[in-house]
Amino acid sequence: MTKFETLGLDKPLLDAIADLGFETPSEVQEKSIPLLLQEDTDLVALAQTGTGKTAAFGFPMIQKIQADSRTTQGLILSPTRELCLQITNELKLYSKYVKGLNTVAIYGGASITDQARQIKRGAQIVVATPGRMKDMIGRGMVDISKIDYCVLDEADEMLNMGFFEDIKDILSNTPKEKFTWLFSATMPKEVSTIAKKFMHKPQEITVGTKNAGASTVQHEYYQVGGRDRYPALKRLADANPGIFSVIFCRTKRDTQKVAEKLIEDGYNAGALHGDLSQNQRDLVMNAFRKKQVQMLVATDVAARGIDVDDITHVINYQLPDEIETYTHRSGRTGRAGKSGISMVIVTRSEIRKIKAIEKKIQQDFLSKKIPTGIEICEIQLYHLANKIKDTEINTEIDNYLPAINDVLDGIDREELIKKIVSVEFTRFYNYYSKTRDLNSSDNSRERGERGERSKDDIPSSGSVRYFINVGERDGYDWMSLKDFLRDTLNLEKEDVFNVDTKDSFSFFNTDAQLTELVLQTFTDFKVDGRFVNVEVSKNPGGSGRGGRKRDRKRGHRKGGDGGYRKGGDNKSFRGGKKGGSGRRGGKKRPGFY
Ligand code: ADP
Ligand code: MG
């Protein structure tokens with residue numbers, strides 16, 4: 001087995017490694033450390049989260065940097081404040097025996113003058129988030145014109161978050177003769193674009209299969225009706241009493257809503273998303289680390305900083321748009337050699353997405369049933385019995401025992417057990433004994449019996465038909481247009497129906513009560529400079545012709561892979577996906593993160 005001693009590292013680093021207790025290098029470390037030490041080269045390294053990428057670039061960078069010069073020689077860009085701090089802390093530990101080496105973190109949400117002061121004192125290595133870095137360059141607070149090494153850490157995530165332009169700007173302030181090391185868990189198109197644009201003949205290292213999720217993770221999906229997501233989530237939690245989980249929602253709004261509902265329903269839950277202040281996020285993260293919060297509801301972006309190893313379940317309350325994002329999510333569990341479960345709550349129409357993910361991660365999902373009320377009661381009952389068995393006796397009780405004995409006098413053991421268990425169990429029993437089966441099936445009679453209209457049904461009245469000026473020519477089919485509408489309007493997919501795409505325009509329906517939302521959302525709505533126009537159709541029958549003028553104001557149509565292309569590859573579930581910087585572009589899109 002390879003040892004750190006054989007990789008070419010000097011004594012100060014080897015001593016620090018010994019202090020850290022690292023025994024053997026991980027695969028990505030074994031491959032990149034000797035390479036980066038021996039050669040001056042650009043590098044693209046792909047490895048899953050938790051594989052030790054920080055040391056893979058950190059060790060060589062520390063060794064190669066001139067600690068006796070105060071010039072900033074190494075720049076590490078990372079997507080979030082949390083990761084930026086994590087990397088900085090790790091680098092400080094790695095370089096503890098390297099005299100004079102100073103690593104400084106630069107990130108938003110903290111005093112910029114403090115950070116500038118630290119830089120001024122001399123920082124050979126700067127770890128930064130792109131936004132703050134750009135800001136400080138603009139104000140002349142940091143000089144990266146002489147760096148030798150630049151690391152783009154979690155490159156895929158930085159691009160996901162729309163930092164492409166910032167990264168470009170930052171790199172334009174660095175010398176041409178430097179070496180760029182790109183680290184990423186996945187290799188979407190945008191990352192190869194960066195590699196092509198900013199790197200010279202990078203060597204490539206891949207650890208494990210590209211894009212594969214951790215194999216210690218079991219993937220499961222649960223099919224429910226569109227309106228049953230929340231009750232299904234509750235059941236999944238109740239059926240796993242020891243759960244310690246991250247629950248992913250698509251939007252900040254949903255994240256907040258789901259967390260609030262869970263708290264209201266008595267769960268130890270918390271929300272983590274970008275609309276919270278840094279202070280609020282720190283509080284939630286601390287509570288989560290201490291397991292005071294058992295269910296952390298998070299957006300994808302906010303979850304990037306979660307550095308907790310023993311998460312038992314990842315629950316996809318809603319599926320993400322990108323398969324890559326799913327691998328990030330499920331990678332939150334099954335870390336550090338532990339096993340984990342990634343659960344997905346889906347509606348019938350999303351099953352095809354499951355198939356797409358299976359193909360990508362090369363692992364099959366188990367199709368599971370949401371536990372019934374009775375099953376949950378049983379699980380809770382055994383859990384309670386075990387809890388009683390394992391409870392350490394508090395000797396303080398001894399003093400009160402005579403009095404307690406008096407109260408419980410005359411109750412035999414069996415009856416006593418029943419009573420004790422009932423104290424907690426009845427709560428579950430009362431809640432669950434009369435609930436229905438949440439598993440959706442294709443049997444519409446069953447749905448009818450519930451006495452509620454399933455959203456999969458198409459209502460014959462009370463719905464409104466709309467005209468929209470995008471169609472197949474823009475790369476949409478009915479499924480991808482439905483996805484686009486659902487995202488933009490922040491609705492469940494089943495709220496949009498009868499989607500009918502024509503060449504240059506399309507039709508769709510919603511419930512009448514959503515008309516105002518639809519029309520308001522699509523007022524002055526532009527994507528990539530192109531007007532997207534929605535009007536109530538004068539042809540409620542929906543055949544799509546009746547007197548409608550075909551050629552609406554089409555605006556500017558982008559060539560290439562602009563905003564309205566249906567992705568032909570299997571990287572994204574749907575068309576209409578924006579490029580790297582798109583997510584921050586359109587402000588009128590409430591559905592996007
Ligand atoms: P990544 O950036 O790939 O997600 P990190 O660099 O954050 O992973 O490392 C994950 C964890 O593993 C950290 O806590 C780190 O200290 C630890 N670690 C890194 N390399 C080793 C090693 N060779 N042996 C043991 N633990 C390691
Ligand atoms: Mg990392």
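The rows are residues; the columns are (1) over 26 Å from L7 (Cβ atoms); (2) touching a residue at least 24 places away in the same chain (Cβ under 8 Å); (3) within 16 Å of ligand 2 (Cβ to nearest atom).
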{"position": "R81", "(1), (2), (3)": "yes, yes, yes"}
{"position": "Q86", "(1), (2), (3)": "no, yes, yes"}
{"position": "E90", "(1), (2), (3)": "no, yes, yes"}
{"position": "G108", "(1), (2), (3)": "yes, yes, no"}
*Does R117 satisfy being more than 25 Å from F163 (Cβ to Cβ), among the basic types (K, R) and either surrounded by fewer than 17 Cβ atoms within 10 Å (Cβ to Cβ) or away from ligand 1 (no atom under 11 Å from the Cβ) (or both)?*
yes
*Do we have any residue at all in region 95-103 that's under 23 Å from F198 (Cβ atoms), over 28 Å from the mean Cα position of the chain (by Cα), hydrophobic (A, V, I, L, M, F, W, C) and away from ligand 1 (no atom under 16 Å from the Cβ)?*
no
*asked:* With of a type in the set (G, A, S) and under 27 Å from G331 (Cβ atoms) as the only criterion, which of S32, S95 stands out?
replied: S32
*Selection from region 20-48 of residues that are closer than 18 Å to M187 by Cβ, within 10 Å of ligand 1 (Cβ to nearest atom) and surrounded by 19 or more Cβ atoms within 10 Å (Cβ to Cβ)*: V28, A45, A47, Q48
_Y97 aromatic (F, W, Y) and surrounded by fewer than 18 Cβ atoms within 10 Å (Cβ to Cβ)_ = yes
_Given (1) of a type in the set (S, T, N, Q); (2) assigned to a strand (DSSP E or B); (3) crowded, with 16+ Cβ neighbours inside 10 Å, identify the lone condition not met by Q363._
(2)
*If you go through region 237-264 one residue at a time, how many are closer than 30 Å to N386 by Cβ and surrounded by 15 or more Cβ atoms within 10 Å (Cβ to Cβ)?*
16
*Go through region 29-57 and give me each residue that's of a type outside the set (S, T, N, Q), near ligand 2 (Cβ under 10 Å from one of its atoms) and assigned to a helix (DSSP H, G or I).*
K53, A55, A56, F57
_For the condition in contact with a helix residue (DSSP H, G or I) (Cβ under 6 Å, 6 or more places away or on another chain) and either within 16 Å of ligand 2 (Cβ to nearest atom) or within 30 Å of D114 (Cβ to Cβ) (or both), what is the one hit in V191, V224?_
V191
*asked:* Going by what's in this entry, would G162 be described as modelled with pLDDT under 95, in a loop (DSSP other than H, G, I, E, B) and buried (at least 18 other Cβ atoms within 10 Å of the Cβ)?
replied: yes
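The values are calculated or read from the model by the stated rules, or taken from the named source; none is laboratory data. Quick caveat, the model's predicted, so the values are computed rather than measured. When we count neighbours, we look across all protein chains shown, and the Cβ atoms used for this are built from the backbone with ideal geometry, even at glycine.
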